[in-house]
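In what follows, a structure is listed as structure tokens, so that the remarks can point back to it.
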Amino acid sequence: MGGIDAKTTVAGGRLAVLAAHLSAFNQETDHLAAATSTNRPPLYSSPTLQTSCVSAQFPVPSPPNLKGSLTIIDERTGKQYQIPVSEEGSIKATDFKKITTAKNDKGLKLYDPGYLNTAPVQSSICYIDGDEGILRYRGYPIEELAECSSFLEVAYLLMYGNLPSEKELAGWEFAVSQHSAVPQGILDMIQTMPHDAHPMGVLVSAMSALSVFHPDANPALRGQDLYKSKQVREKQIVRVLGKAPTIAAAAYLRLAGRPPVFPSSNLSYSENILFMLDSIGNRSYKPNPRLARVLDVLFILHAEHEMNCSTAAARHLASSGVDVYTALAGAVGALYGPLHGGANEAVLKMLSEIGSIENIPAFLEGVKNRKRKMSGFGHRVYKNYDPRAKVIRKLAEEVFSIVGRDPLIEVAVALEKAALSDEYFVKRKLYPNVDFYSGIIYRAMGFPTEFFPVLFAVPRMAGYLAHWSESLDDPDTKIMRPQQVYTGVWMRHYIPLKERSEMTEAEKLGQISASNASRRRLAGSGA
């Protein structure tokens, strides 16, 4: 019954959104009239989206020229070494290989689990200052882009380094829309998957399968220099951006037991996703433009985030010369992990467990005593308020004004206020991150929790593709082959099978449990 109740809740949420869509026409007339005379969605002029005082009004000065050298004295040998320091304040790890003690010493290695302070690439796409709470795409503060831009405009910016002209944007939007259709074989493949297949698993499989359906884009078949062609490269970019929403919608509809819906050529990027999810065969259906704009802003916020786990995976795979679809499938696979793309689901679970504002003090005490885990606070990069979280918090009110207020928002706001006034959390620089409010918004819009990471993956394709393209032009790009620090047995000789001693319990193969079906079969005769 629990599964039925969960499905009923999800269905109810989607019906609430559909009702808001269908009743929105009269409400939107005045709102649309109040917007600017351009074709921008109405939320471009919304007062709920304001620029950040940190990133926009009081910009942090650019870092000085840090070029110089580092003098290292090896106390093991007494030798002195000069290591060049770049203008950006980086040193080459290979320079440490020359610091040795003897003939069999292969030189120093930099041991850095999790790449906490390792930069494998130079990039001009995204800038993050975690201490100041700054995120910029190609130099533009994320708050300004969220307030003034559209997702496809931001995708163009990430790809080409500058905001497009009106003509360039129109051509870009047309090119992406023209490649939104997905090969029928991909849709058939999705339909053969289990009805409860996780949408991220479907997305990973479909992205990988695109490689098979587009052999013209495969360097393994067409040669390693294939992507040197600007035309070939850009075709793959618009293909991925166009097809990702269609695949995502097909994965969602499979979860709902419905057939895929073809995209519309008359709607914006975010409108098209809602159209494919909610039109139910009605080609004249049009999503609520305010909800579409909210989704567009969320896509802008998730489009790029520097050298994160999944982007690093994309660049790592691409360095081998593999086709772009396989590289992006690997990136989506990394994003599938709950530590990366599934964090907002953990926030919802935490807020539900807290239940009410009255329970917050006890919860925070549990966190301090390490008996409870606090999700949505703190970030590997940000030691200040995540600038994306500020924008998302304001978006929440816009969504609630359309589909109704989610009771968890009161708990979230009160929890944030309590945590940021508590010295324990302030001292540890635990501020809300992008996941803290995004899950509440997605839930309010009626999306099931398993679809949250898909709504993360679709816009992040823009960032993946920007990094993929940048790596192809970078003369320093080499196949990624990290070193390791070997800690195993130095050397031993082969021992014949009968002469070997028994292994300890920890070294033995564990007991592999058999399914009930296997037990039933083994219980029969002749098995």
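The values are calculated or read from the model by the stated rules, or taken from the named source; none is laboratory data. Not measured: the values here are computed from a predicted model. Cβ: placed from backbone, ideal geometry, glycine included. Neighbour counts: every protein chain shown. Heavy atoms of the whole protein, side chains included, go into the accessibility calculation; ligands, DNA and RNA do not. Shrake-Rupley method; radii C 1.70, N 1.55, O 1.52, S 1.80 Å.
Taking 0.36 nm per residue of separation and subtracting the Cα-Cα distance, full extension of the segment from Ser421 to Tyr115 would add 106.9 nm.
Residues whose amide H falls under 5 Å from that of Ile134, counting only those 5 or more places apart or on a different chain, are Asp129, with hydrogens built in the peptide plane. The Rg/Rh ratio for the range 425-527 is 1.19, where Rg is the radius of gyration of the alpha carbons and Rh is the Kirkwood radius.
Modelled spin labels at Lys167 and Met491, positioned 7 Å past Cα toward Cβ, are 7.1 nm from each other.
Measuring r between the beta carbons of Asp74 and Lys106 and using R0 = 25 Å, the FRET efficiency lands at 0.95. Rounded to the nearest whole Hz, the Karplus-based 3J(HN,Hα) values (6.51 cos²θ - 1.76 cosθ + 1.60, θ = phi - 60°) of the range 414-425 follow the sequence 5, 5, 4, 4, 5, 5, 6, 9, 9, 4, 4, 7, with x at glycine and proline. Given their separation in residues at 0.36 nm each and the Cα-Cα distance between them, Lys478 and Tyr160 gain 112.2 nm when the chain is fully extended. Here the Karplus relation 6.51 cos²θ - 1.76 cosθ + 1.60, evaluated at θ = phi - 60°, turns the backbone of the range 310-320 into coupling constants of 6, 5, 4, 5, 4, 5, 4, 5, 4, 5, 7 Hz, with x for every Gly and Pro. Dividing the mean sequence gap of close Cα pairs (under 8 Å, 6+ apart) by how many residues the chain holds gives a relative contact order of 19 percent. By the Stokes-Einstein formula, at 1.567 mPa s and 4 °C, the range 94-207 with its Kirkwood radius over alpha-carbon pairs has D equal to 67 µm²/s. Here the relative contact order of the range 139-224, from alpha carbon pairs under 8 Å that lie six or more residues apart, stands at 15 percent.
Here the Karplus curve 6.51 cos²θ - 1.76 cosθ + 1.60, taken at θ = phi - 60°, turns the phi angles of the range 461-471 into couplings of 3, 4, x, 4, 5, 4, 5, 4, 5, 4, 5 Hz, with x standing for Gly and Pro.
Working value for the chain: equivalent-ellipsoid semi-axes of 40, 32, 28 Å, each the square root of 5 times a Cα gyration tensor eigenvalue, largest first. Reducing the range 259-331 and the range 122-197 to their Cα centroids gives an inter-centroid distance of 8 Å. Residues Glu75, Glu499, Glu143 ordered from highest to lowest accessible area at a 1.4 Å probe: Glu75, Glu499, Glu143. The simple Förster model, with R0 at 30 Å and r as the Cβ-Cβ distance, assigns Lys228 and Leu509 a FRET efficiency of 0.05. If you plug the beta carbon distance of Lys67 and Val381 into 1/(1 + (r/R0)^6) with R0 = 30 Å, you get a FRET efficiency near 0.75. Taking a straight line from the alpha carbon of Lys498, these lysines sit under 24 Å away, with near neighbours fewer than eight places off in the same chain left out: Lys508. When the alpha carbon gyration tensor of the range 287-446 is reduced to an equivalent ellipsoid, its three semi-axes come out at 29, 21, 13 angstrom, largest first.
Partners of Lys478 within straight-line reach, counting lysines whose Cα lies under 17 Å from its Cα and excluding those fewer than 8 residues away in the same chain: Lys92, Lys228.
When Rg and the Kirkwood Rh are both derived from Cα coordinates, the Rg/Rh ratio for the range 247-372 amounts to 1.08. Of the accessible area of the range 315-408, computed with a 1.4 Å probe over protein heavy atoms only, carbon and sulfur atoms account for 53 percent. Here the relative contact order of the range 270-338, from alpha carbon pairs under 8 Å that lie six or more residues apart, stands at 24 percent. For the range 320-377, the calculated P(r), taken from all Cα-Cα distances in 5 Å bins from zero up to the bin holding the longest distance, is 4, 16, 18, 16, 11, 9, 7, 7, 5, 4, 2, 0 percent. If you model the range 270-315 as an ellipsoid using its alpha carbon gyration tensor, with each semi-axis the square root of five times an eigenvalue, the axes come out at 30, 13, 5 Å, biggest first. Solvent exposure of the chain, expressed per residue, is 54 Å² of accessible area, with all protein chains present and a 1.4 angstrom probe.
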